[in-house]
Every structure is written in structure tokens, then in C-alpha cells.
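Report on the structure given below.
The values are calculated or read from the model by the stated rules, or taken from the named source; none is laboratory data. Just so it is clear, the structure is predicted and the values come from calculations on it, not from any experiment. Here the Cβ is made from the backbone with ideal geometry for all residues, glycine too, and neighbour counts use every protein chain on show. Just the protein is used for accessible areas: all its heavy atoms, side chains included, with ligands, DNA and RNA removed. Shrake-Rupley method; radii C 1.70, N 1.55, O 1.52, S 1.80 Å.
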Amino acid sequence: MRLDKFLKVSRIIKRRSVAADASRAGRSELNGRVAKAGSQLRVGDVVALHFGDRVFKFRVLRTDETVKKQDCTDMYEVLSDET
């Protein structure tokens, strides 16, 4: 699954276009490397998102194409949320 789509489906970022913009600006990392919006995610990958001076780091647990709102937090495990 693409990084931008995962961020939208898991509801970490509200819109896919915003997720793609964040990747284009270099604010997303996949396993320690800068990631593009089209980077393929797999179960076990670690993603870090940089929003200003906040860093949100999580591990991918599921890559389902569609998920109900109440189940979206089961798609990832928060590793850190630092400011």
C-alpha cells in the first residue's frame, strides 16, 4: 500500500492530498530514509512524520485497503510522539 493512502485510510492525516504534500516536502521517513508519497509500505515498517517540531513515529501493523473508523487505530502501533 502507498504511504499517502495508508496515512489517509488509518486517519493519521485527514486527506490523501495533504499526506502527499507532506511527503513531497520531505516530512515523512520510512525505515529511517526520506519517503515519497508512492513508497510501498509493508507490515513491520517504521514511519516517522515531522510536523513542525513534533515527530510522530509508528509501526505498520496492517495494510487493509478500507477500514471502519473504530478500527483504524489497529493499523499502526505508536512508537513515540515527541515535541
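Couple of notes before you dig in:
- The chain - percent of accessible surface contributed by carbon and sulfur, probe 1.4 Å: 45 percent
- In this rough spin-label picture, where each label sits 7 Å from Cα along the Cβ direction, the F56-D81 distance is 0.8 nm.
- Rounded accessible area per residue of the chain, 1.4 Å, Å²: 62 Å²
- For the stretch 37-83, the convex hull spanned by the alpha carbon atoms encloses 91 Å³ per residue.
- Contact order, relative form, for the chain: 26 percent (alpha carbon pairs under 8 Å, 6 or more residues apart, mean separation divided by residue count).
- Annotation: L30 carries an accessible surface of approximately 30 Å², with a 1.4 Å probe and no ligand, DNA or RNA atoms counted.
- Calculated on the alpha-carbon coordinates, the convex hull of the chain measures out at 82 cubic angstrom per residue.
- For the chain, the 222 nm mean residue ellipticity estimated from helices alone, with every DSSP H stretch of n ≥ 4 adding -39500 (n - 2.57) and the total spread over all residues, rounds to -5000 deg cm²/dmol.
- Computed from phi, the 3J(HN,Hα) profile of the stretch 61-76 under the Karplus parametrisation 6.51, -1.76, 1.60 (θ = phi - 60°) reads 10, 9, 10, 6, 5, 9, 9, 5, 4, 6, 9, 5, 6, 7, 7, 8 Hz, with x in place of Gly and Pro.
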